[in-house]
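The structure appears below as structure tokens.
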Amino acid sequence: MTIHHIVLYKFKPEVTPEQKQGVRDSVSALLSQIPAIQSIITGETVYNHLGHGFDEGVIFLFENEAKLNEYRSHKAHIDYQEVAKPLTAGLLIFDIESSA
């Protein structure tokens with residue numbers, strides 16, 4: 001079973017384009033830093049009136065829940081959180097398991 005770890009975030013209004021890019025770069029770098037991650041998809045929102053104001057999203061794929069837990073405790077993940085947290089006004093994390 002594959003775990004889809006979905007992270008949606010809202011940037012604070014004062015966050016600059018350069019800071020947003022820094023968060024994107026930090027996310028993309030995780031693939032090479034954390035072996036447990038199978039793949040990462042990241043991008044800006046395509047407007048949806050039901051989108052609750054989230055600006056960007058990331059989908060991480062993991063082989064199983066054990067790999068997800070490896071990611072959660074990995075130093076690179078913790079460092080990424082430290083970069084993103086002060087720049088975000090909202091965060092939603094949702095994990096699903098699928099056979100794909």
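Below are the figures for this structure:
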{"item": "Dimensionless Rg/Rh of the stretch 1-49 - Kirkwood Rh, Rg from C-alpha atoms", "result": "1.01"}
{"item": "Surface share of carbon and sulfur [accessible, 1.4 angstrom probe, percent] for the chain", "result": "57"}
{"item": "Net charge of Cβ neighbours under 14 Å - reference ILE3; Lys, Arg +1; Asp, Glu -1", "result": "-3"}
{"item": "Sorted peptide list for 65-78, 35-48, criterion being average Cβ within 10 angstrom, highest first", "result": "65-78, 35-48"}
{"item": "Length-normalised contact order of the chain in % [C-alpha pairs under 8 Å, at least 6 apart]", "result": "51"}
{"item": "Backbone HN-Hα couplings from phi across the stretch 79-85 [Karplus 6.51/-1.76/1.60, Hz, Gly and Pro as x]", "result": "4, 4, 4, 5, 6, 7, 4"}
{"item": "Net charge of Cβ neighbours under 12 Å - reference ASN69; Lys, Arg +1; Asp, Glu -1", "result": "-2"}
{"item": "Residues of the stretch 83-100 with amide N under 20 Å of a point placed 7 Å along Cα→Cβ from ALA66", "result": "96-100"}
{"item": "24 Å Cα cut-off, lysine pairs counted over the chain (separation 8 or more, or different chains)", "result": "10"}
{"item": "Cut-off under 5 Å, modelled amide H: who pairs with ASP55 long-range", "result": "TYR9, LYS10, PHE11"}
{"item": "Cα shape, the stretch 35-87, gyration tensor, a/c 1.5 rule", "result": "oblate"}
{"item": "Label-point gap, in nm, between SER39 and SER73 - each point 7 angstrom along Cα→Cβ", "result": "2.8"}
{"item": "Probe 1.4 Å, accessible area per residue of the stretch 1-58, Å²", "result": "61"}
{"item": "Amide hydrogen neighbours beyond the local backbone of ASN64, cut-off 5 Å, H modeled", "result": "ILE3"}
{"item": "Highest to lowest packing among 58-64, 83-89, scored as the average C-beta count within 10 Å", "result": "58-64, 83-89"}
{"item": "Shape call, the chain: gyration tensor on alpha carbons, a/c limit 1.5", "result": "oblate"}
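The values are calculated or read from the model by the stated rules, or taken from the named source; none is laboratory data. Everything numeric here is computed off the predicted structure, so don't read it as measured data. Neighbour counts are summed over all protein chains in view; Cβ atoms, including those assigned to glycine, are modelled from backbone coordinates with ideal geometry. When the accessible area is computed, the model is the full protein with side chains, heavy atoms only, and any ligands, DNA or RNA have been set aside. Shrake-Rupley method; radii C 1.70, N 1.55, O 1.52, S 1.80 Å.
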